[in-house]
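What follows is one structure encoded as structure tokens, with my remarks underneath.
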Amino acid sequence: MAAHRYVILLLFFLGSLNLYSQEISETNTDSIYFKALNLYKNKEYPLSLDYTNKGLELAKDYHDIRILRIRNEWVLQKIDQAEDDILYLMKYAKDYPGVKELAEKQIGFYSDASESLSFINEIEMNYEVGDEIRTLQASLLLKVKQPEKARKIALELFKKPDLNKNLRYQLQNILTRTVSDEIGLSYQYVNFSKGYSRTNPWNTIIGEYLHYFNRTALIGRIHYTDRSFDNGYLYELESYPVFSDKFYAQLTAGFSNGDVYPEFRGSASIFLNFLKVFEAEAGGRLLHFSNQDYFTGIIGLTAYQGKFYLNLRSFIGPERLNKIVQNYQFNLRYYFKDIDNYLFARIGSGISPDEKTIFTQVQENPGLEAYYFNIGLNKSLGIHHLFQLSGGYLNEDIDQNNKGNQFLASLSYRFRF
């Protein structure tokens with residue numbers, strides 16, 4: 001009996017579908033269109049779709065009905081059917097009002113970047129696409145790992161003098177992500193006030209080479225510091241592996257002869273983006289010198305608010321001469337038109353292991369206090385050239401009774417290709 005009941009229910013269901021389909025007995029296509037439009041406005045999308053289907057059975061070139069069917073198909077997630085309808089319109093009525101706009105909107109309904117790119121190609125065969133679509137095309141090409149094609153489009157658009165500012169910002173980001181190599185050279189200067197046993201300034205030169213392997217950056221770097229009474233080299237290899245859009249890491253290994261820099265310097269941090277505007281950091285630094293290992297723990301939090309980058313970081317450790325070295329800092333950036341042009345500033349207490357040139361002062365006096373601030377400008381000239389200029393001031397205890405001042409300056413240049 002139970003089986004018969006299911007059969008009866010199934011027949012009833014199929015019969016009701018047949019009756020439902022027969023309810024649309026209207027043959028006037030204008031009447032069908034306005035009924036379908038009214039149903040669409042009332043959010044009765046399945047029934048509106050049925051009416052548009054009926055209308056196109058009667059008049060396949062009633063373009064307003066097909067356009068309305070496309071809108072119903074979008075709402076009902078029938079993306080492939082919408083694509084077929086748009087392709088039909090582009091083939092037989094590409095100049096009909098609204099068709100190009102529908103085609104461009106269709107791009108955003110694909111979940112796969114390659115599908116979006118394929119449909120953009122269909123649009124380009126029928127229309128001259130605008131800057132927004134071409135910018136989107138470059139972004140999608142990055143997602144499908146075709147950076148050369150993405151860069152070619154982005155460069156062409158970026159050179160347009162009347163380009164929309166928002167699009168210029170997006171293109172700058174795309175171009176940055178399509179860079180495969182960078183060469184950089186930096187100079188750092190530290191001058192000391194009276195009261196220090198050292199009187200001559202410190203000079204540091206840093207050369208580096210960067211290469212991107214897909215989304216992962218690998219950097220080779222050489223530091224040379226001349227302190228007049230001593231000098232030394234630090235050789236570093238640094239990488240930024242990217243695991244997802246929200247999760248990446250920073251890893252560094254450095255070696256020196258131990259005269260100026262630690263004999264070994266290891267660094268590792270992980271970064272996690274959350275709630276769209278926040279980024280958390282956790283990591284550590286390991287220093288080895290004088291046959292001892294010293295560890296520093298790091299925590300940080302960054303917020304992205306409009307044109308502002310706001311960052312808090314703390315470095316706890318290492319323990320040196322029975323003292324825990326501590327550094328607390330606040331970092332600020334104000335971006336102008338893109339990620340390569342910004343003002344930056346830092347205020348803090350203590351000296352962190354990341355301040356490689358001056359951190360040796362902490363090794364000498366780990367329990368003494370230090371306060372500093374730094375301000376600078378990062379500026380791009382075109383796409384290939386990046387400059388950075390900064391200056392700062394540090395006030396620290398020289399000994400228990402005396403304080404000293406340091407004046408810091410740096411200049412760097414990077415070439416992208």
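A 1.4 Å probe over all protein chains sorts Phe229, Phe192 by accessible area into Phe229, Phe192, starting with the largest. Label-to-label distance, Ser111 versus Glu26, with points set 7 angstrom from Cα along the beta-carbon direction: 3.4 nm. Above 13 Å, the calculated P(r) of segment 330-397 contains 69 percent of its Cα-Cα pairs.
Counting protein heavy atoms only, the chain has 57 percent of its accessible area on carbon and sulfur, 1.4 angstrom probe. Taking the longest Cα principal axis of the chain as reference, the axis of helix 113-124 is set at about 60 degrees. Using a probe of 1.4 Å on the protein chains alone, the accessible area found for Glu156 is around 100 Å². Only protein heavy atoms count here; under a 1.4 Å probe, Phe243 has an accessible surface of about 120 Å². Distance from the alpha carbon centroid of segment 223-267 to that of segment 70-145 works out to 48 angstrom. For Tyr224, the accessible area of its heavy atoms, probed at 1.4 Å with every protein chain present, is near 70 square angstrom.
A 1.4 Å probe run over the protein chains yields, for segment 138-178, 60 Å² of accessible area per residue, whole-number rounding. Assigning unit charges at the beta carbon (Lys, Arg +1; Asp, Glu -1) and nothing else, what dipole magnitude in debye, to the nearest 20, does segment 29-129 show about its Cα centre? Using Cβ point charges on Lys, Arg, Asp and Glu, segment 29-129 gives about 460 debye. Surface exposure of segment 181-416, expressed per residue as accessible area with a 1.4 Å probe, stands at 52 Å².
Equivalent-ellipsoid semi-axes for segment 175-242 (Cα gyration tensor, √(5λ), whole Å, largest first): 34, 11, 9. Solvent-accessible area per residue in segment 29-129 equals 53 Å², computed with a 1.4 angstrom probe and all protein chains kept.
Only helices enter this figure: runs of n ≥ 4 DSSP H residues, each worth -39500 (n - 2.57), summed and divided by the residues of the chain, yield -10500 deg cm²/dmol at 222 nm to the nearest 500. Taking the charge dipole of the chain about its Cα centre, with +1 at Lys and Arg Cβ atoms and -1 at Asp and Glu Cβ atoms, the residue from Leu272, Asn164, Gln329 reaching farthest to the positive side is Gln329. Axis angle, to the nearest 10 degrees, between helix 45-58 and the longest C-alpha principal axis of the chain: 50 degrees. Along its principal axes, the chain has C-alpha extents of 100, 63, 31 angstrom, given from the largest down.
Here the spin labels are modelled as points 7 Å beyond Cα on the Cα-Cβ line, and at Asn401 and Ile205 they lie 4.2 nm apart. Per the Debye calculation on segment 138-178 with a single equal scatterer at every Cα and no solvent contribution, log₁₀ I(q)/I(0) for q = 0.19, 0.20, 0.29, 0.35 Å⁻¹ amounts to -0.45, -0.50, -0.94, -1.21.
For the pair Asn214 and Tyr45 in one chain, pulling the backbone fully straight at 0.36 nm per residue adds 56.5 nm over the alpha carbon distance. For segment 138-178, the Cβ-based charge dipole about the Cα centre amounts to some 100 debye (Lys, Arg positive; Asp, Glu negative; other atoms uncharged). Placing +1 on each Lys and Arg Cβ and -1 on each Asp and Glu Cβ, with no other charges, gives segment 227-321 a dipole about its Cα centre of roughly 400 debye.
The values are calculated or read from the model by the stated rules, or taken from the named source; none is laboratory data. Values in this document were obtained by computation on a predicted structure and should not be read as measured data. Cβ: placed from backbone, ideal geometry, glycine included. Neighbour counts: every protein chain shown. With ligands, DNA and RNA removed, areas are computed over all heavy atoms of the protein, side chains included. Shrake-Rupley method; radii C 1.70, N 1.55, O 1.52, S 1.80 Å.
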